[in-house]
Structures are given as C-alpha cells and as structure tokens.
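What follows is one structure encoded as structure tokens, with my remarks underneath.
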Amino acid sequence: MWFACTELTVEFGNGSLPQRALADVSFEFGQGEFLSVIGPSGCGKTTLLRAVAGIVKPARGAIEWAPGAGQPSARLMVYQEDSLFPWMTVLENAAFGLEMQARAAGEREQAARAMLARYGLAGRETAYPHQISAGMKQRVAVIRAFLSEPALLLMDEPFGALDSPTRFALQNDLLELWRESGSSVLFVTHDVDEAIFLSDRVLVMSAAPGRILADVAVELPRGDRRDALFSERFLELKREVMAHLNGASGIPKKGAHAA
C-alpha cells in the first residue's frame with residue numbers, strides 16, 4: 001500500500017445540512033499503479049482527486065500515506081481545461097515544472113525540446129497556446145507534468161474534450177510516459193473504454209454522494225494494449241464495469257421491472 005482512503009467523507013456548505021459529496025470512500029492504492037475512477041456525472045470523482053491532492057479536507061475519515069509518500073509537493077494535477085499559460089510559448093510551458101524546481105535554463109530547455117520532439121511537437125516550440133490545437137495543448141500539459149517527475153499524477157478527465165483519434169493517440173502517449181516514469185496515476189474519466197484501456201484497476205462510484213461500488217481488476221497484459229481493445233477479455237471487463245455503472249445511475253437491468 002502506498003496510500004489508503006479510509007471511510008473518506010467530504011461535505012460542502014455551512015449550516016445544519018451540508019451537501020455531502022463523498023460518503024465513506026475506502027480503497028488502497030499501490031505505488032506505481034494506474035488507477036481510474038469512473039461514475040455518474042456529479043458523483044464526486046473530482047472531489048476525490050482534490051481530497052487526495054490535499055486541496056479539499058475531509059469531514060470524516062482519512063487518507064493514510066506510507067512513510068515518506070505523502071509530501072504535497074510530490075502530487076501534481078492535470079485538468080480537462082486548457083491549463084497552459086497563454087503568455088508562454090510551447091517550450092516555456094513544457095519546461096515550467098522544471099523551472100519551478102530551479103533546474104538550470106539549459107538543462108530544462110534541452111529536456112523539454114527532446115520530449116516535445118518525441119511526441120510530435122518539433123517545430124512548435126515557439127508557438128503560443130492559441131496557435132496550436134486542443135490536442136496539442138493537452139499533449140504539452142501531459143509532457144509538462146511528466147517532466148516535473150511527480151510521485152503521484154492526478155488527472156481529471158484530461159482527454160474528455162478531444163475527438164476520438166486525438167484522444168486515442170494521447171492515451172498511448174500517456175501509457176508510454178507512465179511506464180517509463182515510475183509515477184503513480186489516479187485518473188478520472190467518464191469513458192469506460194478509456195478506463196479499461198489505461199488502468200490496472202477501475203473504481204466504479206455510485207451517484208452522489210459518491211461511494212465505491214466496485215473495484216475491478218483489469219487483467220490485461222501491460223505494454224502495447226491496442227490489440228487488447230478487440231479481445232474477448234476487454235469486452236468482458238467492459239460489460240462488468242457497465243453493469244456496475246447502470247446500477248449506479250439507477251438504470252434497471254434488461255428484464256427488470258419496477259416494483
């Protein structure tokens with residue numbers, strides 16, 4: 001165990017009837033793991049990320065870290081929204097995390113240039129965010145995150161606004177970066193295929209207040225998973241996750257009748 005959430009409950013608002021976003025959320029997370037969280041809209045997925053990041057304080061319960069694992073500076077968030085600085089070039093944005101670590105200018109520029117070239121952004125180094133596509137912006141944001149070498153990367157639907165081909169390309173880039181980095185990833189998504197394709201495990205959450213309904217182990221080979229998308233095991237996992245999601249959303253199973 002690298003960290004564990006134990007009966008984590010998060011509430012918002014003041015007064016006698018606060019709004020409960022998470023209720024008794026418990027799960028363990030292993031170092032180097034890729035764990036996705038999926039659930040109905042508004043179920044508290046982002047709140048869970050923010051709690052793990054230390055941005056939101058729980059009303060009850062706790063997040064327990066292994067010795068030496070809980071430093072807030074080692075956790076980094078990547079959002080769905082464009083998070084690049086509009087006044088910085090692509091190169092400056094990519095190298096920003098290294099600048100915050102006080103790395104030498106030549107060192108951070110060399111590292112950022114190499115990573116940008118590797119992921120199809122050579123020649124775009126001097127462009128500004130408004131001059132590149134949405135997919136390119138997210139690629140820069142992911143590169144910036146991994147160049148910072150976080151112990152834990154918290155990703156909040158980073159590819160949710162992208163078209164399918166761009167999303168698929170970025171998913172593959174993300175897996176490659178993760179495998180090489182040694183970072184751990186907690187990834188929020190609303191896409192079942194994405195959750196299974198990327199993850200070691202998938203947590204399925206209920207409707208608000210969010211609870212953990214299922215912890216699904218993704219028993220697929222690591223490495224290049226593109227062929228696994230068409231495997232019978234992938235379809236079995238998808239059916240399993242969808243069955244839990246249908247229950248979370250209150251959708252009756254086929255053949256079920258209301259009382």
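The values are calculated or read from the model by the stated rules, or taken from the named source; none is laboratory data. Since the model is a prediction, treat every value here as computed from it, not as a measurement. Note that each Cβ is placed from the backbone with ideal geometry, even for glycine, and that neighbours are counted across all protein chains shown.
Brief remarks follow.
- Residue match in the range 60-77 (condition: of a type in the set (V, I, T) and in contact with an Asp or Glu (Cβ under 7 Å, 6 or more places away or on another chain)): no
- The set of residues from the range 74-114 being within 23 Å of the chain's Cα centre (by Cα) and more than 30 Å from L48 (Cα to Cα) comprises V90, A112.
- Scoring A127 on the criteria (1) at pLDDT 95 or above; (2) part of a helix (DSSP H, G or I); (3) of a type in the set (A, V, I, L, M, F, W, C) leaves a single failure, condition (2).
- Strands (runs of 3 or more DSSP E) completely within the range 1-57 that count 2 or more residues being surrounded by 14 or more Cβ atoms within 10 Å (Cβ to Cβ) and not hydrophobic (A, V, I, L, M, F, W, C): 3-12, 19-29
- Just so you know, in the range 205-242 the residues that are of a type in the set (K, R) and touching a helix residue (DSSP H, G or I) at 6+ places or on another chain (Cβ under 8 Å) include one that is surrounded by the most Cβ atoms within 10 Å (Cβ to Cβ), and it is R225.
- Any hit, the range 60-70, residues being assigned to a strand (DSSP E or B), modelled with pLDDT of 95 or more and of a type in the set (F, W, Y): no
- For the range 69-84, the set of residues classified as hydroxyl-bearing (S, T, Y) and either surrounded by fewer than 14 Cβ atoms within 10 Å (Cβ to Cβ) or in contact (Cβ under 8 Å) with a residue 60 or more places away in the chain (or both) consists of S73, Y79, listed by residue number.
- The listed residue being touching a strand residue (DSSP E or B) at 6+ places or on another chain (Cβ under 6 Å), among the hydrophobic types (A, V, I, L, M, F, W, C) and at pLDDT below 95, out of V78, V37, V25: V78
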